[in-house]
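A.B. asks: First, the structure itself, so that you have it in front of you.
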Amino acid sequence: MKQLTALWGIVATLGLAFSVDAQHQCQPPEEMRAAVENLNFAEGNPGNAPPGWFLGPDWFRPAGTLPAHEAKIVTGTSCNANQQCATVHSLRADHSGTCFLYQVIDATQYRGKMLTYRADVRVDVASGSVARLLVHVHRADCGTSFRNDMGNHPITAGTWSPYEIQAPIALDARDIEFGMQLIGEGAAWLDNISMAFRDR
């Protein structure tokens with residue numbers, strides 16, 4: 001009986017350690033902000049990375065090589081609705097990976113609401129390459145309550161077109177990740193973004 005009690009003590013200790021470790025590992029993303037930033041890309045100078053936005057991940061970058069993708073502000077006829085917009089493009093012709101131009105915002109004030117994320121996108125990509133809008137809603141335990149990256153209808157059009165994702169924000173949501181993916185070789189442009197929340 002003493003051995004059984006000791007065994008259960010070890011199991012309980014390991015379980016507690018695992019729980020504490022999981023809580024320690026499940027931290028809010030460093031990129032998370034209180035509110036959206038620079039949706040119209042008016043901040044920042046053409047040729048530079050758009051302030052308030054993040055680009056990643058660079059999964060296929062061997063040590064000592066150049067980045068596989070770049071994001072920058074462009075202006076004039078490159079844009080659709082605003083004076084400035086953003087583009088993401090691959091820097092290596094042999095690259096077939098994925099990159100994300102994105103933001104992460106605190107979901108607390110939007111819990112229980114419905115998000116409508118809209119943006120205009122156009123692409124100039126190699127055969128088999130695409131762009132996609134994305135919205136991910138994460139819980140405090142790092143689980144995902146909603147995920148949509150337009151997997152069934154990727155963006156391949158060379159002309160500007162509007163796209164939209166409807167996303168329910170869970171009552172226990174921690175953060176909302178949104179933006180655009182570029183998958184494969186080429187370039188995608190992003191403009192005229194809106195984030196609208198309404199009661200469900």
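The values are calculated or read from the model by the stated rules, or taken from the named source; none is laboratory data. Note that this is a predicted model, so its numbers are computed, not measured. Note that we place each Cβ from the backbone using ideal geometry, even for glycine, and neighbour counts take in every protein chain shown.
A.B. asks: Of all residues in region 164-186, how many are surrounded by fewer than 18 Cβ atoms within 10 Å (Cβ to Cβ) and assigned to a strand (DSSP E or B)?
C.D. replies: The qualifying residues number 3.
A.B. asks: For region 73-91, name all the residues that are without any contact (Cβ under 8 Å) to a residue 60 or more places away in the chain and surrounded by fewer than 17 Cβ atoms within 10 Å (Cβ to Cβ).
C.D. replies: THR75, GLY76, THR77, GLN83, LEU91
A.B. asks: Let me ask something additional. Examine region 93-114 for a residue that is of a type in the set (D, E, K, R) and part of a strand (DSSP E or B), and state whether such a residue exists.
C.D. replies: The answer is yes, given that some residue of region 93-114 is of a type in the set (D, E, K, R) and part of a strand (DSSP E or B).
A.B. asks: Moving on. If you take the residues of region 126-150 that are at pLDDT below 95 and under 24 Å from LEU91 (Cα atoms), which of them is surrounded by the fewest Cβ atoms within 10 Å (Cβ to Cβ)?
C.D. replies: SER127
A.B. asks: Would you check if THR159 is surrounded by fewer than 20 Cβ atoms within 10 Å (Cβ to Cβ) and β-branched (Val, Ile, Thr)? Spell out the reasoning first.
C.D. replies: Values: surrounded by fewer than 20 Cβ atoms within 10 Å (Cβ to Cβ): yes; β-branched (Val, Ile, Thr): yes.
Spelling it out, THR159 is indeed surrounded by fewer than 20 Cβ atoms within 10 Å (Cβ to Cβ) and β-branched (Val, Ile, Thr).
A.B. asks: Considering each residue of region 116-150, count those that are aliphatic (A, V, I, L, M), in contact (Cβ under 8 Å) with a residue 40 or more places away in the chain and either part of a loop (DSSP other than H, G, I, E, B) or out of contact with any strand residue (DSSP E or B) (no Cβ under 6 Å at 6 or more places or on another chain) (or both), and give that number.
C.D. replies: Result for region 116-150: 2.
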